[in-house]
Structures are given as C-alpha cells and as structure tokens.
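One structure below.
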Amino acid sequence: MDMELEQILRPPELPMNPYPPKVITLATGNKMVVRPIDRSEVPVLLKAIKPTIKIERDFYDVVGARLYAELLGWMKHRVRNEYCLVGQIDGVLVGAVNGRMLSKKIGISLHTLAIERGLRIGAHLFASKMEHHIEHLNQHEVWITAESPLGFRRWMIEYSLIKQEGVQHELGGAESFKLTRELYYKNKPRLVCGSRPCPPELLEHAKKEIIIADEKTITEQICGAKGAWKI
Ligand SMILES: CC(C)(COP(=O)(O)OP(=O)(O)OC[C@H]1O[C@@H](n2cnc3c(N)ncnc32)[C@H](O)[C@@H]1OP(=O)(O)O)[C@@H](O)C(=O)NCCC(=O)NCCS
C-alpha cells in the first residue's frame, strides 16, 4: 500500500470518548451486552449484515446495504469520526447501530438494524446511540432521519423529535429531525435502559467472539415464521 497517498485518502478524526459497555435485561430475561466494536471486528459484522440486503420486508434491504457500506468505509478509513455499537446475547449478534460526529457539537445518527425481533432490541440500541452522542461524546444535538415506517415510529414518534426545516440529513432527501440535549434527558428515564459496569464475565464472553447465525436463521428471525413473508 502506498502509505504516502493513503495518508491523503484517510480523513482526519476528531478525538472520541469510548462508549462504556453496559448490559440490558430484555423482556425475556436475556441479558444483552451493548458495547463498541473496533475496526478489526467489522468483517464478522459484514457477514451478518450481508443476508439482510436481500430482505425486502421492513426495508431491511435498504438499511442493510447502507450499513454494510458505512462499516466497510469505516474499516478502510474512508469515513470520518464513525463508531459502531453492537448488541450481543450470549455472544450472539442481535443488532447493531452506527453513527458519526459531523462536528464537535453535531452528531449524525446513521443506521439501526435489529437481527432478533420483537424484543425492542433496535429501540434499546438506538437509545444507546443517543446516549453515546449526548453523554459520552458530549454533543449538543443528534441529527436523525428515518428510512422505514418502523424506524419513524421508534425514533420520531417515541422521542417527539424536532423537525429541522431547511436542513438535509447526510443520508439524503427525507425529512431531518434532531434530538437536543434537553429532549434526550426528558426521554432518558423512559427509553434509555441498562446498567454499568457490565459484569466482566459477560463482557469478556461478548468480546471473545461475535457469534453470528447462518443466513437462513437470520432471514427467519427477521421475517418471522418460515415462508410467511416475501423475501
Ligand atoms: C426499526 C428497527 C430497528 C426496530 O427494532 P426493534 O425496536 O427491535 O423492533 P422490532 O423490529 O422487533 O419490531 C418493530 C415492530 O414490528 C413488529 N414485528 C415485525 N416483524 C416482527 C417479527 N418478525 N417478530 C417480532 N415482531 C415483529 C413488532 O411487533 C414491533 O411492533 P411494535 O412497534 O408495536 O412493538 C427494526 O425493525 C429494524 O431493524 N428494521 C429494519 C431496518 C430499519 O428500518 N432501521 C431503521 C431505519 S430508520
């Protein structure tokens, strides 16, 4: 690799505080570890996201394709100030979220993808992402857009996000909304869950290996009963 040219191609990065791992007890009693990953863990995530690109249901295809590209770009140092948090139950990947810092003050929510459904895993991971921007990256606001009706319901409606007139989110043409610090702290008691520190044995288990289901299982988990949904 031509490192001289590579230094030009690699974007500069703002200093970013790490996300402190936490554990969320789900409605089933399962414990989901939420933790940041580093670039070396991206390839295994890409393997889990790839099958979603073929799933039309609930716009998994659009979100999966974009998340795949964003994580690949981050791994190869082609995106500025990005991070990714994952949710794992017993080491198994159940969802992922990513975002980035547009500037010191403004955060960008990129994508949220739940692989295991019906447990508000996506909602918890999105809340963790908002927590990261506001409490750990100490940002003033987060810009958010929705690409699916489920996303719109989970973010815009559940958080009463503020519509931004005349602002375009970097994901494109849909309406841009924002979460301010004030709105975050108003919603926090209702929507941001989990406890810290994450018990060391759970964290070690999660870090040891990101276990991913095979394509068939991932598709069935996302689409519900076998064959019930158009893929
Ligand atoms: C949006 C998303 C992150 C929300 O994740 P979540 O909070 O874990 O919620 P789920 O996806 O499990 O469920 C959402 C709703 O669909 C229902 N649902 C749909 N398919 C389901 C399935 N196979 N199993 C269980 N529930 C299902 C749930 O009952 C739930 O209804 P509710 O809102 O009344 O609770 C997730 O649906 C997702 O990854 N969607 C595809 C990508 C996407 O749209 N991302 C957001 C872009 S803005």
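Per-structure values
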item: R0 of 41 Å, Cβ-Cβ distance residue 7-residue 59: FRET efficiency to nearest 0.05; result: 0.65
item: The stretch 42-154 - Rg over Rh from alpha carbon coordinates, Kirkwood radius; result: 0.94
item: Exposed-loop-free span, longest in the chain, where GluC sites (Glu not before Pro) count as exposed if DSSP calls them loop and at most 13 other C-beta atoms lie within 10 Å; result: 57-164
item: Pairwise Cα inverse-distance average, inverted: Kirkwood Rh of the stretch 19-219 (Å); result: 16.9
item: Within the chain, percent of DSSP bridges classed antiparallel, to nearest 5; result: 90
item: Whole-Å distance, taken between Cα centres, linking the stretch 1-30 and the stretch 168-226; result: 15
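Taken together, the values in this text are just the output of simple stated rules run on the coordinates, not laboratory data. Since the structure is predicted, the reported quantities are computational estimates derived from the model, not experimental observations. Every residue, glycine as well, gets a Cβ built from its backbone with ideal geometry; the counts of neighbours run over all protein chains shown.
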